[in-house]
Amino acid sequence: MPMKRTARLICLLLVCVLLIGCAPQGENTDSTTAPVSTGAALETQAPVQTADRTEQALAQIAQLGTSPDDNYRVFYEIFVYSFCDSNGDGIGDLQGVISKLDYLEELGINGIWFMPVHPSQSYHKYDVRDYYDIDPQYGTLEDMKQLLDECSARGIRVITDLVLNHTGDDHEWFLEACDYLRSLPAGAEPDVNECPYVDYYTFSRESGANYHAVSGSQWYYLGMFSPDMPDLNLANEALRADIKAIMEYWIDLGVSGFRLDAAKEFYSGSPSQNIEVLNWIQTTATSLKEDCYLVAEVWEDFSNVTNYYTSGITSIFDFPFGNANGKIPAVLRGAGSASTVASYAKALAQADAAYLESNPDYIDAPFLSNHDVGRIAGFVNRDEMKMKMAGAMNIFMGGSCFIYYGEEIGMLGSGNDPSKRAPMYWNAARDNGTTNPPPECEIPEEYPLGSLEEQVGDDNSLWNYYRQAIAIRKALPVISHGRTTVEDALNVNCVSAQRKTWEEQQCIILMNINTAAAQVDLSAYADWTVAATLSADGNEIVLNGTTLELPAFGTAVLIPNA
């Protein structure tokens, strides 16, 4: 049913969400159905829930339907190596992921981003050896096909990392090019008619910064990140034809799109060339699949991200809001400062307007943390209420939001890259997932909020908070699809207020980004209804007359009356 005609129904059906916030912190409302630990390497079913009120509320929200079946989704980033092991070798694999799809569905996930799954000589697999196969550590192509089929049956779209900045130095293209260069007589110039792959990379007779020697020759090659990762020459038309074939192969297999790694390093220091490549990739992808979803990694500031959107690329990760130095962590660090909090809604509106001007078809891609940066739990000093507020800020941004595996239970991870990619913390015994961490990974002895198994039965856990936030987002598609403006009348004290408008739908999101409770005067909003709330501290969010009582880090969503 159209949202405009069902505003009052939403209010009635979401009343249980309001009630969920009333439980005292840590209270388990039904101790007779505690989570069961099997001790098995795999648990194929979603966790058993103890909180009947949570399930009833989510079931009622589900009756409203979900957001349109488009590319505005809740994506979950999975590093297969560290997610779940099915064969007992201690390393995650695709069958392990399949066993946890019920869990992802329970959380509300309807999109998955897989870090590279191709054969590789490294644990992280960003040095691709073969774009057409699956790394044996992870399984087989048949496993991948099964995974894609299982995801499709659940309405989960899958995107995979497409690493185009470089290959592994053991890729056949590079090996053949190097063998050819070694075979050349002294002083002879390479001929692409003899070896087309010699122009797939950047070779030079002279060494320089980030150039590495081709053993047994007088030649050098460009490898910005590592000698193990020679950079591709994306201006080469034959290479582009191969890339198109790779994209078509995976789309035909069932992949819905791609995450583009290191997009600003295609031509390091040359945004104009990078933008041209992104435009070509976008045009090529949509020629193969009209709704192919692309999201690019452009690790830059606001003005540069805005510029990159002129490429026509669908999505760019919103680094200006995520990561340690992004707007969301900055606002949370300044929680309680009226000026800092007021800047949040204004920043959202400014970014939406700027990105929209650069690309009218853009879909934002907000995130808090990922495999390259420290986890959000560390950014907010392990403060559970700030973790919850950060989750709501991310999930209630527009576009497709991204959640890094383990973020929903408050996992830690910082320092070297492997430590940011530690095994998923399924249970306290650490025997229900991967037991062989990435090399040099430092795993905290304890995580501040406990394992998933310890959180599933607690109405007020971070995990259940994420479930509620995702459910609200999906029940009110204006949250993900809407254009953002500042609601000046309510953007006061330490309450951030934004209005979102999409087609005939509207909502106002109120966030009390403060350690103290706030009162919001809604006397001028008599034709609006409090449709949903999220409580970070377990205190009730209530409307007394025309005054909305928002506890510390509380969130409320208003919608117009029918």
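The values are calculated or read from the model by the stated rules, or taken from the named source; none is laboratory data. If you're wondering where the values come from, they're calculated on a predicted model, not measured in any experiment. Methodologically, a virtual Cβ is constructed for each residue, glycine included, from the backbone with ideal geometry; neighbour enumeration extends over all protein chains shown. The protein model used for the area step is the full one, side chains on, heavy atoms only, and it has no ligands, DNA or RNA in it. Shrake-Rupley method; radii C 1.70, N 1.55, O 1.52, S 1.80 Å.
Pick from the stretch 531-562 the residues that are without any contact (Cβ under 8 Å) to a residue 12 or more places away in the chain and in contact with a strand residue (DSSP E or B) (Cβ under 9 Å, 6 or more places away or on another chain): which of them is farthest from residue 484 (Cα to Cα)?
The selected residue is 544.
How do the pairs read when you match residues in the stretch 124-135 that are farther than 15 Å from residue 372 by Cα with residues anywhere that are open to solvent by 60 Å² or more (accessible area, probe 1.4 Å), using Cβ under 7 Å and keeping only pairs 6 or more apart or on different chains?
127/121; 127/228; 129/121; 132/249; 134/140
Can you tell me which residue is farthest from residue 221 (Cα to Cα) among those in the stretch 188-211 that are open to solvent by less than 40 Å² (accessible area, probe 1.4 Å) and in contact with an Asp or Glu (Cβ under 9 Å, 6 or more places away or on another chain)?
So, considering only residues that are open to solvent by less than 40 Å² (accessible area, probe 1.4 Å) and in contact with an Asp or Glu (Cβ under 9 Å, 6 or more places away or on another chain), the one farthest from residue 221 (Cα to Cα) is 195.
Being more than 17 Å from residue 342 (Cβ to Cβ) and in contact with a helix residue (DSSP H, G or I) (Cβ under 6 Å, 6 or more places away or on another chain) is the filter here, so list the residues in the stretch 506-536 that pass it.
507, 529, 531, 532, 533, 534, 536
Of all the residues that make up the stretch 341-375, how many are open to solvent by less than 10 Å² (accessible area, probe 1.4 Å), aliphatic (A, V, I, L, M) and not in a loop (DSSP other than H, G, I, E, B)?
4
For every residue, the table says whether it meets (1) of a type in the set (Lys, Arg); (2) surrounded by fewer than 20 Cβ atoms within 10 Å (Cβ to Cβ); (3) not in a loop (DSSP other than H, G, I, E, B).
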{"residue": "130", "(1), (2), (3)": "no, yes, no"}
{"residue": "146", "(1), (2), (3)": "no, yes, yes"}
{"residue": "159", "(1), (2), (3)": "no, no, yes"}
{"residue": "170", "(1), (2), (3)": "no, yes, no"}
{"residue": "178", "(1), (2), (3)": "no, no, yes"}
{"residue": "186", "(1), (2), (3)": "no, yes, no"}
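May I ask you to list pairs of residues, at least six apart or on different chains, whose Cβ atoms are under 6 Å apart, with the first in the stretch 253-264 being in contact (Cβ under 8 Å) with a residue 24 or more places away in the chain and the second being among the small types (Gly, Ala, Ser) and open to solvent by less than 10 Å² (accessible area, probe 1.4 Å)?
Listed by first residue and then by second, the contacts come to 260/296; 263/296.
Which one of the conditions (1) within 27 Å of residue 371 (Cα to Cα); (2) within 25 Å of the chain's Cα centre (by Cα) does residue 270 fail to meet, given that it meets all the rest?
(2)
On the given criteria, is residue 432 in contact with an Asp or Glu (Cβ under 8 Å, 6 or more places away or on another chain), modelled with pLDDT of 95 or more, farther than 22 Å from residue 320 by Cα and open to solvent by 10 Å² or more (accessible area, probe 1.4 Å)?
no
Of the residues that sit in the stretch 99-128 and are aromatic (Phe, Trp, Tyr) and under 30 Å from residue 468 (Cβ atoms), which one is surrounded by the fewest Cβ atoms within 10 Å (Cβ to Cβ)?
Looking at residues that are aromatic (Phe, Trp, Tyr) and under 30 Å from residue 468 (Cβ atoms), I get 103.
Please verify whether residue 96 is farther than 20 Å from residue 372 by Cα, open to solvent by less than 40 Å² (accessible area, probe 1.4 Å) and assigned to a loop (DSSP other than H, G, I, E, B), treating the condition exactly as stated.
no
Out of all the residues in the stretch 494-510, which are open to solvent by 30 Å² or more (accessible area, probe 1.4 Å) and touching a residue at least 40 places away in the same chain (Cβ under 8 Å)?
Answer for the stretch 494-510, where residues must be open to solvent by 30 Å² or more (accessible area, probe 1.4 Å) and touching a residue at least 40 places away in the same chain (Cβ under 8 Å): 504, 506.
Could you pull out the residue among 315, 268 that is open to solvent by 50 Å² or more (accessible area, probe 1.4 Å) and at pLDDT 95 or above?
So the residue among 315, 268 that is open to solvent by 50 Å² or more (accessible area, probe 1.4 Å) and at pLDDT 95 or above is 268.
Among the residues of the stretch 299-338, count how many are among the aliphatic types (A, V, I, L, M) and free of Cβ contacts under 8 Å to residues at least 60 places away in the same chain.
Final tally of qualifying residues: 5.
Looking at 411, 424, 397, which one is within 23 Å of residue 104 (Cα to Cα), in a loop (DSSP other than H, G, I, E, B), under 17 Å from the mean Cα position of the chain (by Cα) and without any contact (Cβ under 8 Å) to a residue 40 or more places away in the chain?
Selected residue: 411, the only one of 411, 424, 397 that is within 23 Å of residue 104 (Cα to Cα), in a loop (DSSP other than H, G, I, E, B), under 17 Å from the mean Cα position of the chain (by Cα) and without any contact (Cβ under 8 Å) to a residue 40 or more places away in the chain.
Kindly establish whether residue 531 is at pLDDT below 95 and either surrounded by 15 or more Cβ atoms within 10 Å (Cβ to Cβ) or not acidic (Asp, Glu) (or both).
yes
Within the set of pairs 6+ apart or on separate chains, which have a first residue in the stretch 511-530 that is farther than 23 Å from residue 387 by Cα and part of a loop (DSSP other than H, G, I, E, B), a second that is open to solvent by less than 50 Å² (accessible area, probe 1.4 Å) and not β-branched (Val, Ile, Thr), and C-beta atoms under 6 Å apart?
Cβ pairs passing all conditions: 522/548; 527/561.
Which of the residues spanning the stretch 207-222 are under 36 Å from the mean Cα position of the chain (by Cα) and either charged (D, E, K, R) or under 14 Å from residue 175 (Cα atoms) (or both)?
221
Among the residues of the stretch 304-338, how many are in a helix (DSSP H, G or I) and among the charged types (D, E, K, R)?
2
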